[in-house]
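See structure below.
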Amino acid sequence: YIEGCGGINTTGLVNALPMDDKDLFKAIDCQENIGAYDPNDKAAFPTGTHPEHYLAKNTDIKYKIRFQNTGTDTAFNIVILDTLSAHLDASTIEAGVASHPYQFDRFRDSIAGIDIIRFTFSNIMLPDSNINEVASHGFVQFSSQQAPNLSDGTLIKNKAAIYFDFNEPIITNEVYHT
């Protein structure tokens, strides 16, 4: 849909509630048009309601991480690390669609007691935006269930680190739900 995705024509509401895409052969991707943005970002769906991004208990959350090579040369390898909130059930993580082939890993840092997921885009050969703006973009999606029995008011936060070759990571914005 270009306008009125899901029949909603009110700004800011299109992704507030889950879309009906449980059918294995159906996927819904509605995106709100916004002004200038950092091309390396993270979004979560449903977005939730009100400024607190309220979600009902046990609502699955789908995350989308977008990246763009705005450097001065081709990116050969891109790695995305996402440290999961303790309020997500790491055993339910499902790697999703992406713009390019990737390898997915999930591991636990037993010392820090945190779960981390990694998307590795080996040999992605992502051109820089000065050479080919359209081909300089990429994305990956994943979903997770909430941890069971969360208390009302629990804040679920998430952000990711994007590594282009051997450069310092680009940290995405933080998304959250209550």
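Taking the inverse of the mean 1/r over every pair of distinct Cα atoms in the range 103-158 gives a Kirkwood hydrodynamic radius of 15.1 Å. How much accessible area does K64 have with a 1.4 Å probe, in Å² rounded to the nearest 10? Taking all protein chains as shown, K64 has close to 20 Å². Averaged over residues, the count of other Cβ atoms within 10 Å places the peptides 159-172, 47-60 in the sequence 159-172, 47-60, highest first. One decimal place: the segment H100-D165 gains 21.8 nm when fully extended, by the rule 0.36 nm per residue minus the C-alpha distance. Put D89, D152 in order of accessible area, highest first, and with a 1.4 Å probe you get D152, D89.
Over the range 96-177, with every protein chain in place, what whole percent of the accessible area is carbon and sulfur at 1.4 Å, could you tell me?
On the way: 2440 of 4780 Å².
Ligands and nucleic acids excluded, carbon and sulfur give 51 percent.
The values are calculated or read from the model by the stated rules, or taken from the named source; none is laboratory data. Just so it is clear, the structure is predicted and the values come from calculations on it, not from any experiment. Quick reminder, even Gly has a Cβ in these numbers, built from the backbone with ideal geometry, and neighbours come from all protein chains shown. Calculation scope for accessible area: heavy atoms of the full protein, side chains included, ligands and nucleic acids excluded. Shrake-Rupley method; radii C 1.70, N 1.55, O 1.52, S 1.80 Å.
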